[in-house]
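Data first, discussion second: the structure below is written as structure tokens.
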Amino acid sequence: MSDRPFEKPESNPDWAEVFAHAAWGIRIGSTDGRTVEAVNPAFARMHGYSVDEMRQMPVEALYPPELHASIAQYWQRARSEGHYDFESWHLRKDGSRFPVFVQFTTIKDPTGQVVRQAVNVLDISDRHDAEIARAASEERYRVIADAASDAIITIDADSQILVVNRAVERVFGYRPEELVGQPLTMLMPEYLRHVHRAALGRYLETGVRHLNWAAIELPGLHRHGHEVPVEVSFGESRGSGGHTFTAILRDISDRKAAEAALRRSEQQLLQAQKMEAVGRLAGGIAHDFNNLLTVLSGAVHYLLARHPEGTPDHADIAAIKDAGERAASLTDQLLAFSRRQVLQPAEISVNDAVRRTATLLRRLIGEHIEVILGLDDGLGAVKADPTQLEQVLLNLAINARDAMPGGGTLRFETSNVAVNGDYASTHLGLEPGPYVMLAVTDTGHGMDPVTKAQIFEPFFTTNEEGKGTGLGLATVYGIVKQSGGSIYVYSEPGH
Ligand SMILES: Nc1ncnc2c1ncn2[C@@H]1O[C@H](COP(=O)(O)OP(=O)(O)OP(=O)(O)O)[C@@H](O)[C@H]1O
Ligand SMILES: [Mg+2]
């Protein structure tokens with residue numbers, strides 16, 4: 001250790017070394033701070049001068065003109081406070097400017113009088129360039145993120161949302177500023193929140209990915225409370241900003257809806273093809289069978305004439321006649337199903353047909369069932385066979401009665417409907433245009449999807465043996481189709 005008193009740099013060879021080799025630019029200025037007295041080589045180098053050239057230079061030559069006033073102020077502060085630090089711009093000899101970090105210090109004599117200005121200058125171009133580059137890169141990121149139609153969300157390791165892009169609003173209904181700082185779980189349905197927390201915790205602990213980070217389908221939660229199907233891909237960063245995760249979330253509602261529609265129309269097509277095949281088969285048999293029955297009933301007719309009541313064989317022959325008649329009604333129904341009936345269409349009022357049937361029904365189906373009519377007075381006319389229409393109404397009503405053994409309500413409603421292209425495209429066999437709608441609703445036990453898929457098939461019945469033939473709805477189906485209409489069922493168990 002030296003116990004020498006402090007010596008001025010010029011007179012101390014050690015200090016002279018420090019002055020000459022310092023990486024910082026060092027400048028000594030006059031008492032009034034206006035004139036350069038000495039600079040070290042680093043200072044001269046960063047300004048593009050030689051050390052000698054800078055001696056006695058006016059300090060103002062180092063600063064762009066618009067900064068002169070503030071530099072004078074900074075110097076005032078340094079005089080009163082002893083030192084002052086600031087960032088600014090310096091001029092090189094060639095007139096170009098560069099960013100600097102500056103420390104103003106004063107050198108005082110033993111009486112406290114300021115005798116010199118001492119200035120340290122650091123060229124911060126590199127830092128400045130890096131900041132500009134970072135700002136540019138952030139701007140580029142922002143442009144990309146905001147141009148994306150997918151939501152992009154960055155979270156920290158605690159699942160707090162750090163950054164989102166604009167598309168979050170389109171996908172989740174929240175404005176970006178409403179999400180930053182919130183937990184990511186607010187964009188998930190309740191039941192997924194703990195799954196997410198557990199999965200993230202496990203990943204942070206083990207580093208093992210249990211999900212496919214490239215694309216996974218998940219339900220998101222929209223601001224309005226409904227779920228949004230999203231396809232998510234993840235990225236992660238362990239940069240200087242900490243451990244973060246970025247998710248890109250694509251709204252796949254449209255795709256999902258299209259897939260479901262496709263599945264539905266495939267099912268409709270299959271169903272229609274099945275009904276078509278069964279119809280052809282049933283129709284073929286019924287047609288030939290009917291011819292045989294005609295021969296049979298003719299022969300029975302003559303036999304009965306020869307064996308009147310009271311003669312030995314009469315009862316047997318009458319039994320044959322009965323069975324033949326039942327067989328004929330069965331083939332009629334099959335013919336109806338296969339749309340091979342002889343129809344006598346006329347312009348008729350569906351409302352009138354409903355009223356006539358209702359009168360009949362009130363007597364037929366018992367008092368435990370209330371029949372309610374909701375008929376549109378302005379209903380358009382339809383072209384159909386009135387007897388067949390009443391057959392349809394009766395069959396539907398009898399089914400409803402069977403479905404409501406404990407009583408209930410049977411409702412007939414009519415209205416005019418316009419089928420648009422969208423609706424027609426999702427209902428096979430329906431053409432856009434004006435229609436009359438007849439809805440028959442009961443409050444019975446309803447049916448499960450498996451039953452619902454088969455009710456129009458001939459001989460499909462859930463009734464016990466001998467109680468139903470399963471031809472009721474097959475007949476209805478055939479009549480409606482043959483008359484240019486369509487029929488749909490809405491039912492679930494209990495409704
Ligand atoms: N309103 C309804 N509520 C619940 N299930 C019904 C209803 N209508 C029809 N079904 C179901 O559809 C099946 C088929 O009906 P369909 O009218 O073709 O035959 P059925 O009534 O069983 O016999 P049939 O009408 O030949 O006497 C029924 O057995 C029943 O399971
Ligand atoms: Mg029936």
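The values are calculated or read from the model by the stated rules, or taken from the named source; none is laboratory data. Here the structure is a predicted model, which is why all the values come from computation and not from measurement. Note: ideal-geometry Cβ built from the backbone for every residue, glycine included; neighbour counts use all protein chains shown. Note: accessible area is taken over every heavy atom of the protein model, side chains too, but ligands, DNA and RNA are not part of it. Shrake-Rupley method; radii C 1.70, N 1.55, O 1.52, S 1.80 Å.
Structure values in brief
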quantity: Conditions (1) open to solvent by 50 Å² or more (accessible area, probe 1.4 Å); (2) assigned by TED's automatic domain parsing to the domain that holds Asp156; number of the one not met by Arg264; calculated: (2)
quantity: Yes/no for Glu205 being acidic (Asp, Glu) and either more than 25 Å from Gly242 (Cβ to Cβ) or in a loop (DSSP other than H, G, I, E, B) (or both); calculated: no
quantity: The stretch 64-79, subset open to solvent by 90 Å² or more (accessible area, probe 1.4 Å) and among the polar types (S, T, N, Q), residue farthest from Thr31 (Cα to Cα); calculated: Gln73
quantity: Per-region count, the stretch 110-165, residues within 30 Å of His194 (Cβ to Cβ) and outside any helix (DSSP H, G or I); calculated: 17
quantity: Condition broken by Leu430, with the remaining ones in (1) touching a residue at least 24 places away in the same chain (Cβ under 8 Å); (2) open to solvent by 30 Å² or more (accessible area, probe 1.4 Å); (3) of a type in the set (A, V, I, L, M, F, W, C); (4) away from ligand 2 (no atom under 15 Å from the Cβ) satisfied; calculated: (2)
quantity: Tally, over the stretch 336-358, of residues that are within 22 Å of Leu373 (Cβ to Cβ) and of a type in the set (Ser, Thr, Tyr); calculated: 2
quantity: Residue selected from the stretch 484-494 under the condition surrounded by fewer than 12 Cβ atoms within 10 Å (Cβ to Cβ) and more than 15 Å from ligand 2 (Cβ to nearest atom), by the criterion farthest from Pro405 (Cα to Cα); calculated: Tyr488
quantity: Qualifying positions in the stretch 446-468 - outside any loop (DSSP other than H, G, I, E, B) and open to solvent by less than 90 Å² (accessible area, probe 1.4 Å); calculated: Thr451, Lys452
quantity: Whichever residue in the stretch 456-475 is under 13 Å from Ser338 (Cβ atoms) and among the aliphatic types (A, V, I, L, M) and, among such residues, is farthest from the chain's Cα centre (by Cα); calculated: Leu471
quantity: Long-range neighbours under 6 Å by Cβ, at least six apart or interchain, first residue under 23 Å from Thr443 (Cβ atoms) within the stretch 386-400, second acidic (Asp, Glu) and near ligand 1 (Cβ under 9 Å from one of its atoms); calculated: Ala400/Asp442
quantity: Tabulated pairs, the stretch 465-492, first assigned by TED's automatic domain parsing to the domain that holds Gly433, second among the acidic types (Asp, Glu) and away from ligand 2 (no atom under 14 Å from the Cβ), C-beta under 8 angstrom, 6+ apart or interchain; calculated: Ile479/Asp385; Ser483/Asp385; Glu492/Asp448
quantity: Helices (runs of 4 or more DSSP H) completely within the stretch 350-445 that count 2 or more residues being within 16 Å of ligand 1 (Cβ to nearest atom); calculated: 350-364, 386-403
quantity: Cβ-Cβ under 6 Å pairs, at least 6 apart or on other chains, the stretch 237-252 side over 17 Å from Trp213 (Cα atoms), far side open to solvent by less than 20 Å² (accessible area, probe 1.4 Å); calculated: none
quantity: Residues within the stretch 362-420 that are open to solvent by less than 30 Å² (accessible area, probe 1.4 Å), of a type in the set (A, V, I, L, M) and either within 16 Å of ligand 2 (Cβ to nearest atom) or outside the structural domain of Ser486 (by TED's automatic domain parsing) (or both), tallied; calculated: 9
quantity: Residue match in the stretch 469-483 (condition: of a type outside the set (D, E, K, R), near ligand 1 (Cβ under 8 Å from one of its atoms) and open to solvent by 50 Å² or more (accessible area, probe 1.4 Å)); calculated: yes
quantity: Residue that is surrounded by fewer than 18 Cβ atoms within 10 Å (Cβ to Cβ), hydrophobic (A, V, I, L, M, F, W, C) and under 19 Å from Thr244 (Cα atoms), where the choices are Val168, Val163, Val143; calculated: Val163
quantity: Every pair of residues 6+ apart whose Cβ atoms lie under 6 Å, when the first sits in the stretch 442-453 and is in contact (Cβ under 8 Å) with a residue 24 or more places away in the chain while the second is part of a loop (DSSP other than H, G, I, E, B) and within 15 Å of ligand 2 (Cβ to nearest atom); calculated: Asp442/Met404; Gly444/Met404; Gly446/Ser491; Met447/Ser491; Lys452/Val489; Lys452/Ser491
quantity: Residue check, Asp94 open to solvent by 70 Å² or more (accessible area, probe 1.4 Å), of a type outside the set (A, V, I, L, M, F, W, C) and farther than 28 Å from Ile248 by Cβ; calculated: yes
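So that you can scan it fast, the table gives a plain yes or no per residue for (1) hydroxyl-bearing (Ser, Thr, Tyr); (2) closer than 23 Å to Ala397 by Cβ:
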{"position": "Asp288", "(1), (2)": "no, no"}
{"position": "Thr294", "(1), (2)": "yes, no"}
{"position": "Leu303", "(1), (2)": "no, no"}
{"position": "Pro308", "(1), (2)": "no, no"}
{"position": "Thr311", "(1), (2)": "yes, no"}
{"position": "Ser349", "(1), (2)": "yes, yes"}
{"position": "Ala358", "(1), (2)": "no, yes"}
{"position": "Asp376", "(1), (2)": "no, yes"}
{"position": "Leu379", "(1), (2)": "no, yes"}
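Condition check ((1) within 12 Å of ligand 2 (Cβ to nearest atom); (2) more than 22 Å from Arg411 (Cβ to Cβ)) across all residues:
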{"position": "Ala439", "(1), (2)": "no, no"}
{"position": "Gly446", "(1), (2)": "no, no"}
{"position": "Lys452", "(1), (2)": "no, no"}
{"position": "Ile455", "(1), (2)": "yes, no"}
{"position": "Pro458", "(1), (2)": "yes, yes"}
{"position": "Asn463", "(1), (2)": "yes, yes"}
{"position": "Gly470", "(1), (2)": "yes, yes"}
{"position": "Thr475", "(1), (2)": "yes, no"}
{"position": "Gly478", "(1), (2)": "no, yes"}
